[in-house]
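What follows is a set of notes on a single structure, which appears directly below.
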Ligand SMILES: [Zn+2]
């Protein structure tokens, strides 16, 4: 059952969303992104209806009937199980990002290792990831299931699609569940590559010129409805069609370019 594909797109029947969440849960479990009953997944069904995984159940063992429906305040509207104690973090993301329709939270070991080491994934070492995923910032530690956690994550939600949570794990989100899941996969991949560069004792950053060219190329691909270059002029406001949004703010891009230029100068 878990080999079924999840098609992209947020417009589906509730039954399709239920099946998709079970498939994504299976993927998270098979890839080792969660242990035991860790992790949670949710999908926005409507303006005030969220479909989410239950607490105390392996994400690899869920069936469509195990899922819970809540409103945006977390009040249960359907299902016999209890929603995850980490649901408030999902609800915060839905409130702040009208373009987001799915959220994944997991503890993938390498990215979570970075989070436990107090390290963000924000070095421009892979061209695909710079623009596809952007910087993955590190939110300070907050006790799971309390408002501490949502307060720690909140400052990063608008400008990023993946966040490391210190001493805890990772949360990713997107316009649909496939996008949210793939961002989890990309974050863990980014962390694996960053770890290898650290084991090798050498990280060669993309240069300032390389980054400028990447941004131009991205802007060309997405010109028209997606004015990526314009988005880089400041923190990105929520948008309805932002699946392709560039996830670097202008400030972050400048910081990356400054860092790259600094490295260029040091090399000469
Ligand atoms: Zn967690």
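No lab work stands behind these numbers, since they all come straight from the coordinates. Keep in mind it's a predicted model, so treat the numbers as computed, not measured. Reconstructed Cβ throughout: ideal geometry from the backbone, glycine too, with neighbour counts over all protein chains shown.
Here the calculated FRET efficiency for residue 216 and residue 72, from their Cβ-Cβ distance with R0 = 51 Å, stands at 0.85, rounded to the nearest 0.05.
Compared with the direct C-alpha span, the chain from residue 11 to residue 203 gains 64.9 nm at full extension, assuming 0.36 nm per residue.
The length gained by stretching the chain between residue 193 and residue 61 to full extension, at 0.36 nm per residue less their Cα-Cα distance, is 44.5 nm. Each part reduced to its alpha carbon centroid, region 161-193 and region 22-52 end up 13 Å apart. Here each label is just a point 7 Å from Cα along the line to Cβ, and for residue 140 and residue 120 those points are 1.4 nm apart.
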